[in-house]
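A short worksheet on the structure shown next.
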Amino acid sequence: MKKLLMIIVLGLLWSGSALAKDKDFYISCTAEGILEEGYREIKSVKTIIDEYKLTIGKGDITLGDRWPKKIQLINTNARQLSNFFLHRDPIDNTMSYSNRILQFGEIIRENKMEVFQSASISLVSGIYQISYKDKFFETKNDTFNFNAIGKCDGLAPVLSYLENNTSGRSNSKTTRDNSGTFKNILGKYLGK
């Protein structure tokens, strides 16, 4: 009976982390930079406004319960012909996270064009850096280059949520203490 009770208690404790759901955060970023239009040989200062949806979810056993899973560009002013047009569709980006910095980007090859873009967001300082380049395969000078730096808003809740990780690397002491407690309880009820 004690063993059955112990199995039920441990199952309930472990199921709490198994039921962790993804949480979405919305980040707004603004950056100013130089746009180079190769075919017209024009350089101009442009301001880009991007909005992202950042999804934080459960990582693997070493990452913990809260880890950035994906970032998606959901809105940008760089898709308006009246302002300036960059080939940036609202799609998921490949992302990495290290030292409280999100880095993401993509390479798109379609029809007769190739697009390279990357960005980084510091969750501590809010610094936003973006780099964009596109080129058409048939013409050498038909390129757009855009490099900008600016700031992002809406990062405090993201960093707070990530830092309050319930397991994994950031709270490894708590995890070790809990696992020791589980071993003691298990040993007591299993007669070890």
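Looking only at strands (runs of 3 or more DSSP E) that fall completely inside region 95-156, which ones have 1 or more residues that are farther than 17 Å from residue 77 by Cβ and either open to solvent by 80 Å² or more (accessible area, probe 1.4 Å) or free of Cβ contacts under 8 Å to residues at least 12 places away in the same chain (or both)?
In region 95-156, the matching strands (runs of 3 or more DSSP E) lie at 101-110, 127-136.
Can you pull out every residue in region 31-55 that is at pLDDT 90 or above and open to solvent by less than 60 Å² (accessible area, probe 1.4 Å)?
Correct list: 31, 33, 35, 44, 46, 47, 48, 50, 52, 53, 54, 55.
The values are calculated or read from the model by the stated rules, or taken from the named source; none is laboratory data. This is a predicted model, so every value here is computed, not measured. For neighbour counting, all protein chains shown are included, and Cβ atoms are generated from backbone atoms with ideal geometry for every residue, glycine included. When the accessible area is computed, the model is the full protein with side chains, heavy atoms only, and any ligands, DNA or RNA have been set aside. Shrake-Rupley method; radii C 1.70, N 1.55, O 1.52, S 1.80 Å.
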